[in-house]
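First comes the structure, then the notes that go with it.
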Amino acid sequence: MQSARINQALIPLTEAVDDICRYFFQTGKISDQASLGRELEHECLGDLVRGDLCTGVALLLQDGRAASWPFAHIWELCDGSRLKQVRINTFGEYSLAEAVKAISSSSLKSSKDMSFRALIVLGLNMGLLHTWLSVLASRRHVNEKVYDPGALMRSSPAMDAVFYQLCRLLTFPFQLFVESESMDDLPAPPEDQGASLPGGFLSADAQGGSASFRVYRDTGVFQNVEEKLVIGGTEGPSTWSLVFVCGEDQRVLDVGRVIDVTAGDVSAEQPSFTITFGPRTRTETFFCDDMVACTQALHRLLWNFSLMRTPHLIQHREALEKRTRESMSFFVHMARAWYTTATANKTPQSPPPPLPAPLQFDIPDRVRVHDDTGDVTSITDEASVLLRKEYLAQIFRTLPRRLQSRRLRLVYTTDEHGCWGEGEGEGEGSARFSLTNFLNRTKEVGQTVLVIRDSKENVFGVFASEGWHIAHGYYGTGEAFVFKLSPELKIFQWVPNSNNFILQAEETGLGVGGGAGGSALWIDNNFKHGRTNSCPTFESEPLSTEENFLCLKLECWGFIKPKAARVSSY
């Protein structure tokens, strides 16, 4: 029962991570993934994170406790006056406190919801989101007071699953704009993308001065070997390094290999701190008379390095993937140590709360917007509409969740806006009129649903994950899918690692999918003749009963973005 409840409760978070992974896995090139990670170029990534992932994390933090602002709870744990006496020992605790402090003093401070989403965005940019969740889970004594016994934040198996899901996102180069919700429009992309910082209102002190401390290391052979630890500066091969100097010898540790720095007990006779690093997880303990200042300097260097993490990730992807696996196993191991099982507690456990109802959306309206007056009228299931209400439930269930609550607008239909039967015959002039009119009417729409009825009464189509535009080659993301509506309803989604032949628009026509088997759908530039084949991109069967079909009607539907698109509360 407990396992079923955990799986059910984590569905929003798990599906959000799956969608983000599918978004990045549409290409196998590192350079292409770097471009996909820039929100200034791909607004849909910001929608995935703020609309889906943030909701999943918020539901996790609210499970088993009274309703409250998630960011307010985090602020109390990290920066609230009544808990300031909590000493910061690890880099996770230090970085979370710094992030909360920075967001609380930014333009986002007026809204707890926007502050919470900015914290999630910043955690993804810096590669620290999984670490921050582990910090919140480690506040065991606080969690016992505010969470019910069956809450996810007090469940070791649940938090293991959460850490695993979040660690899947570590290898992706996120460059999200932290303050986007406090601005009307995103700024223009900078010319030098490699120099852009993921922190937004934060900045990394890459040229900060170095600090040095006398430390003692117990080697097991020579007791208390004295070394000079140089943190940052110019003595090492780069600013992002730790240099241990012992006489004429020196050891250099790249900051990118450091997983954590943990401070020991200040009141101990010999204060010490521990550095955990990869690629094979190892730890070294050092004794230092000025341990507090030393660990603060180490945490500050790691913080600045994390702010510069995005370009570093692209250059050292292979090393980071190794570190990711080590980091994941390390934090899962720590999570198990943080929790006390019910057997050890020997205290009765309350029964878990009932399973939460899955998130559901009502099927939105279909509307028509008058070109001249802007009047909006609803569309019913009259015979002239191909996308009937009986088909919408299955199609909307497959759409990205950020689109599932948006109304559909009829943007183009061959009955009203031009087709191969109009113009002076069926020559080049009428074809150019139809394709040009279609592209002009859909160029500002973004994602669309294209539906076709052929001469054999087959109804089929495609969800286009990007706006249609003339281009040399393919474009689009793995969110695209093709479908059959009549005589039977089937949906074929993009198959990861198949190919990147998603959408194609040329002067000769529109295409979807490709590969050895052929295109899932192709229709010529006058919207008259088309063909469909089995397609490896979607592992789809032919969408029509005939390979070469005659198009009788084509509809294109866009999504109306609500004016108040920001979530006001969770």
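The values are calculated or read from the model by the stated rules, or taken from the named source; none is laboratory data. Quick caveat: nothing in here was measured; it's all calculated off a predicted structure. Neighbour counts run over all protein chains shown; Cβ positions are idealised from the backbone, glycine included. What goes into the accessible areas is simple: the full protein's heavy atoms, side chains included, and nothing from ligands, DNA or RNA. Shrake-Rupley method; radii C 1.70, N 1.55, O 1.52, S 1.80 Å.
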Between rounded, prolate and oblate, where does region 475-530 land on the alpha carbon gyration tensor, with a ≥ b ≥ c its root eigenvalues, rounded for a/c under 1.5, else prolate if a/b exceeds b/c? oblate
Residue span E546 to T377: 0.36 nm per residue of separation minus Cα-Cα distance leaves a gain in nm of 57.3 nm
Among S486, H529, N548, flag the residue with its Cα farthest along the positive direction of the charge dipole of region 475-570, charges on Cβ as +1 for Lys/Arg and -1 for Asp/Glu. S486
Output the pairs from K528/K561; K456/K490; K389/K528 with a Cα-Cα distance over 28 Å in this structure; if there are none, say none. K528/K561
Just to confirm my numbers, what's the Cα centroid distance between region 508-554 and region 447-467 in Å? 10
Pairwise centroid distance, computed over Cα atoms, of region 237-279 with region 114-153, Å: 27
Highest-first arrangement of 153-165, 260-272, where packing means the average Cβ count within 10 Å: 153-165, 260-272
Packing-based order for 507-516, 368-377, using average beta carbon neighbours within 10 Å, highest first: 507-516, 368-377
What accessible area, in Å² to the nearest ten, does a 1.4 Å probe give for V451? 0
Sorting W557, W240 by accessible area (1.4 Å probe), largest first, what list results? W240, W557
What do you reckon, how do S3, S498 stack up by accessible area (1.4 Å probe), largest on top? S3, S498
Give the accessible area for F277 in Å² (nearest 10); use a 1.4 Å probe, count only protein heavy atoms, and leave out ligands, DNA and RNA. 20
Protection proxy (average C-beta count within 10 Å per residue), highest first, orders 402-414, 479-491 as 402-414, 479-491
Ignoring ligands, DNA and RNA, what percent of the accessible area of region 430-516 is carbon or sulfur (1.4 Å)? 48
